[in-house]
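Working notes, structure below.
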Amino acid sequence: QKNLAILSLDQIELAKILLEMGQSHLFEHWPEPGVDDDEKKGFFDQVSRLNASYPRGLSAYIQNARRLLADSKAGKNPFDGFTPSVPSGEVLTFGDDSFLKFEEAGVREAQKAAFVLVAGGLGERLGYNGIKLALPSESTTETGFLQHYIESILALQEASCKLTEGQSQTEIPLAIMTSDDTHSRTLELLESNAYFGMKPTQVKLIKQEKVACLDDNDARLAVDPKNKYRIQTKPHGHGDVHALLYSSGLLNVWHDAGLKWVLFFQDTNGLLFKAIPAALGVSSIKQYHVNSLAVPRKAKEAIGGITRLTHADGRTMVINVEYNQLDPLLRATCYADGDVNCETGYSPFPGNINQLILELDPYLKELTKTGGAIEEFVNPKYKDSSKTSFKSSTRLECMMQDYPKTLPPSARVGFTVMDTWLAYAPVKNNPEDAAKVPKGNPYHSATSGEMAIYRANSLILRKAGVQIDDPVIEVFNGQEVEVWPRVVWKPNWALIFADVKSKVGGSSVISQRSTMVLKGRNVYIEDLSLDGALIVNSVEDAEVKVGGSVQNKGWILEQVDYKDASVPEEIRIRGFRINKVEQEELNYTQPGKFSFKP
Ligand code: UPG
C-alpha cells in the first residue's frame, strides 16, 4: 500500500489487476518507499510489457493458466472425445505434369504473397551458440540460412513479375519474428550484409516477448530468482507470431496492398524453397484457406503428425498433433501399438514440417475476432503424483500450427505432401543426439541438413537428364549419410524444375567426387563432363555456355571430430570440412555471350 505513492496512475491500475488476480506475493518482500524505487518502477515496466503483449492482457493470461493447470492436474486429455484417423491430402510427385502445373501457378501467385519467418528460438538442441539463421546451410558456398531464404524470395519475386509481364515490380514482404534471444543478432546479420539484397524497408522484424512463469496450480507468478523485483519469464512458443502480425498492423498493411497469401516458415530448412512454389500453387488452385506442407513421417520422428480428429459430437478437424502427444493419443484410442510405422515403412500420419500457407483475407477476418490468440497448453513437471507442486516454474505455450483449431468447419483446411528429399532437411540436433536417432530415421543435424541439399540438387539434375554418379556412404560425427556430388546453385539460376530443364542440355555427366557451383542467372550446362570442381560466377547480363571435359583434383571432404574445440563450431557440428584442393573457376564480369569448352 505504502509504495503506491511512488507509482503513476497506469502503474496503480496494473498493481490493482495483480492484487485482484491473487498476486500479492509479488510485493510481499518490498521494502519501504525510498528503498529501491527505481527497481520497483522497473518491475511495473515489465508488468506493463507482459500485459500489453498478451492478447487481452495479464489477467487473461492468469485465468487461462488456472484453467489449463486445473485440467492438467485432473489429467484431462486435450483430445478427449476425439478419435484420430489418417487424413487425405494432395500428394505431389516431383517433376510430373501436375507438379509442373502447381509450380507455375505458385510462381504466378508469389507476387501476392508475404513471407513470415519464425526465428525466435535459440535452438538449444543443436548446441550452437550463434543464431541459427546465421549458420551456413552448406559449406561448399557457406551460404547462411537467412541469405538463402532472402535470395530465394528475391528470385521468386523476379520470376513472378516476369510471368505477369506489364505489371509493376512487386516487392514481396518478409517479416521475421525474433525474440530477446535472437533479435539483435538477427538485425546485425541483416545490416552487416546489406539485407542480402533486399530493400531494408521490405524486411520487418517483429519481436515476441516472453511470458510470465507460474509457480503453482493457482497460477501465482514466479519471482525471478535473479532479481526479486522481476517476474521470471520464458518463451511462449512460435504461436505468438499470429498475435504479433495482427497487433503490429502488418496484416492490415498487406491486405490493403492487395496481397492474398501469407507463408510461414522456420529457421533451418535448406530445402524448403524447392517446395514452396508447388505448395503455393496447390493453395491457389485448391483455394485452401490453410495449407500445411507435410512429408512422409517415420514413427517417433520429432515432427508432428497431421491427423484427422473426429469428435463424438460429429465435429472434425485436420490438425497437427505434436510429436510428444501423438503416441499417447493413438494408444488411448484405436491404435493400440501407438506411434509405429505401417507396411510402407512410414507412420500412416503425414509429418508436419510447419510450413503453412494461409489465405490472407479469411486469416485477417479470423484474427480480427481472436486478436491472434492461439490455443495454449501447459506442461508442468510435477514433484509427485499428488500434482500439487512443480519441480520448477512452468508457463503457457502455444504453437503456430494450432491456428486452425478455432476455425469453423466451413474453413478450407488442407495439406500437401511432398517427398522428404525435396522439401525437408532441418538442422536441429547436436551430433551426439543425432547419432542416437533410431536407425533409418532422419538425423535432423547439420551433417544431414547439408548432405540433403547436395542430394536434392543431384536428384533434380538427374531428373533433368544429367547423368550423376550414385552417392557413397560415409560416416561423419557417428552419422551414416549419402554423399552425392556437391552441387549448389543460386536460387536465381533455377527456382522451379522448368528452370532447371531449360538450363541443362545435351548429355552431361558428373562424377560422385565432384563439386559444381552455379552463380549466375544465364549459365547453361551443355555436354559437360565433370570430374573435379567447377565454379561458375557470372553477372546478370552475361550468357554463358559451359561444356566439355573438366577434370581436376577437386574439393575434398575431410573428417572433423565434433569434440575438437580448436575447430569453429559451425564446422565441428557437421563432422567435416572442405579442403579446396583444385578447381576450374570461371568468372564472367561483363555482359555478353560466352562459351567455355576446355
Ligand atoms: N520459435 C520461435 N519462438 C519460440 C520457439 C520457436 O520463433 O518461442 C521458432 C524457431 O526459431 C524455429 C521454429 O519456431 O524456427 C520451430 O521451432 P523448433 O524448436 O525447431 O520446433 P520443433 O519443436 O522441432 O517443432 C516444430 C513444430 C512441429 C513440426 C516441426 C517441423 O512444432 O509440429 O513438426 O517444427 O520442423
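The values are calculated or read from the model by the stated rules, or taken from the named source; none is laboratory data. Since the structure is predicted, the reported quantities are computational estimates derived from the model, not experimental observations. Counting neighbours? That spans all protein chains shown, and the Cβs are built from the backbone with ideal geometry, glycine included. Calculation scope for accessible area: heavy atoms of the full protein, side chains included, ligands and nucleic acids excluded. Shrake-Rupley method; radii C 1.70, N 1.55, O 1.52, S 1.80 Å.
Å³ per residue of the Cα convex hull, for segment 302-368? Working shown, then result.
Working: hull volume 8.7 nm³, N = 67.
Taking only Cα atoms, segment 302-368 has a hull volume of 130 Å³ per residue.
How much space per residue, in cubic angstrom, does the convex hull of the C-alpha atoms of segment 37-80 take up?
Details: hull volume 3.6 nm³, N = 44.
Convex hull of Cα atoms, per residue: 83 Å³.
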| task | Compute the Rg/Rh shape ratio of segment 335-397: radius of gyration over Kirkwood radius, all on alpha-carbon atoms. | result | 1.15
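Rank these residues by their accessible area, most exposed first, probe 1.4 Å: Tyr454, Tyr195. All intermediate terms of the calculation are to be shown ahead of the outcome.
Details: Tyr454 0, Tyr195 35 Å².
Result of the area sort, largest leading: Tyr195, Tyr454.
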| query | Top to bottom by accessible area (1.4 Å), largest first, where do Lys132, Lys298, Lys545 land? | reply | Lys545, Lys298, Lys132
| task | Give the long-range amide H neighbours of Lys545: residues separated by 5 or more places, or on another chain, with amide H under 5 Å away, using H modelled in the peptide plane at 1.01 Å from N. | result | Tyr524, Phe594, Ser595, Phe596
| said: Could you work out the pair-distance distribution P(r) of segment 102-192 from its alpha-carbon pairs, with 5 angstrom bin width and percents rounded to whole numbers? | reply: 3, 13, 20, 20, 16, 13, 10, 5, 1, 0
| task | Using all C-alpha to C-alpha distances in segment 290-335, build P(r) with 10 Å bins and read off the rounded percent in each one. | result | 24, 54, 21, 1
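In debye to the nearest 20, how big a dipole does segment 545-598 give about its Cα centre with +1 on each Lys and Arg Cβ and -1 on each Asp and Glu Cβ?
Numbers: 9 positive and 8 negative charges, 67 e Å.
Rounded to the nearest 20 debye, it is 320 debye.
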| Peptides 281-293, 51-63, 75-87 ordered by average Cβ neighbours within 10 Å, highest first | 281-293, 51-63, 75-87
| task | State, as an integer percentage, the relative contact order of segment 343-454 based on alpha-carbon contacts under 8 Å between residues 6 or more apart. | result | 17
| message | I'd like the accessible area for Ser549, computed on protein heavy atoms only with a 1.4 Å probe and all protein chains in place. Round to 10 Å², please. | response | 70
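Provide Rg over Rh for the chain; use the alpha carbon set for both Rg and the Kirkwood Rh (inverse mean inverse pair distance). Intermediate results must be reported in sequence, preceding the final value.
On the way: Rg = 26.0 Å, Rh = 26.1 Å.
So for the chain, dividing Rg by the Kirkwood Rh gives 1.00.
If you build the Cα gyration tensor of segment 141-248 and take the root of 5 times each eigenvalue, what three semi-axes come out, in whole angstrom, biggest first? Kindly include the intermediate steps, with their values, before the conclusion.
Values: eigenvalues 295, 53, 22 Å².
Sorted largest first and rounded, they come to 38, 16, 10 Å.
Per Stokes-Einstein, at 20 °C and 1.002 mPa s, what whole-number D in µm² s⁻¹ belongs to segment 173-217, with the Kirkwood radius over Cα pairs as the hydrodynamic radius? Write down the numbers at each step before the final one.
Working: Rh = 12.0 Å.
Rounded to a whole number, D works out at 178 µm²/s.
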| Roughly how much of Phe273 is accessible, in Å² to the nearest 10, using a 1.4 Å probe? | 10
| said: How big is the dipole moment of the chain about its Cα centre under a simple scheme where the beta carbon of each Lys and Arg is +1, that of each Asp and Glu is -1, and everything else is neutral? Debye, nearest 20, please. | reply: 640
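Roughly speaking, what % of Cα-Cα pairs in segment 478-548 are separated by over 15 Å, rounded to a whole number? Walk me through the numbers on the way to the answer.
Working: 1380 of 2485 pairs.
In whole percent, the share of Cα-Cα pairs in segment 478-548 beyond 15 Å is 56.
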| said: What three numbers, in Å, describe the spread of the alpha carbons of segment 461-513 along their principal axes, ordered from the longest? | reply: 39, 23, 14
| task | Kindly express, to the nearest 10 degrees and within the range 0 to 90, the angle between helix 446-463's C-alpha long axis and the longest C-alpha principal axis of the chain. | result | 40
| request: Could you give the spread of the C-alpha atoms of segment 546-587 along their three principal axes, from largest to smallest, in whole angstroms? | output: 43, 18, 13
| field | Normalised contact order of the chain, rounded percent, pairs of Cα under 8 Å and 6 or more residues apart | value | 14
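Taking Cα atoms of segment 7-54, Rg/Rh with Kirkwood Rh, to two decimals?
Here the Rg-to-Rh quotient is 0.95.
Considering only protein heavy atoms and a probe of 1.4 Å, how much of the accessible area of the chain is carbon and sulfur, as a whole percent?
Details: 12270 of 25350 Å².
Answer for the chain: carbon and sulfur cover 48 percent of the accessible area.
How big, on average over all directions, is the shadow cast by the Cα convex hull of segment 195-236, in nm²?
Numbers: hull surface 19.5 nm².
Across all orientations, segment 195-236 yields a mean hull projection of 4.9 nm².
May I ask you to compute the full-extension gain from Tyr382 to Leu9, defined as 0.36 nm times their residue separation minus their alpha-carbon distance, rounded to one decimal in nm?
On the way: separation 373, 0.36 × 373 = 134.28 nm, distance 3.89 nm.
Taking 0.36 nm per residue and subtracting the Cα distance, the gain is 130.4 nm.
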| query | Considering segment 469-598, what Rg and Dmax in Å follow from its alpha-carbon atoms? | reply | 16.4, 49
| task | At a 1.4 Å probe radius, which order do Lys383, Lys428, Lys260 fall into by accessible area, largest first? | result | Lys383, Lys260, Lys428
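How much mean residue ellipticity at 222 nm does the chain get from its helices, if each DSSP H run of length 4 or more adds -39500 (n - 2.57) and you divide by all residues, to the nearest 500 deg cm²/dmol?
On the way: 16 runs with 176 residues, N = 598.
Result for the chain: -9000 deg cm²/dmol, rounded to the nearest 500.
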| note | The whole-number value in µm²/s of the Stokes-Einstein translational diffusion coefficient for segment 36-131, with Rh from the Kirkwood sum over alpha carbon pairs at 20 °C and 1.002 mPa s, is 107
| How much accessible area per residue does segment 483-522 have, in Å², with a 1.4 Å probe? | 27
| query | Looking at the P(r) of segment 267-391, how many percent of alpha-carbon pairs lie beyond 22 Å? | reply | 53
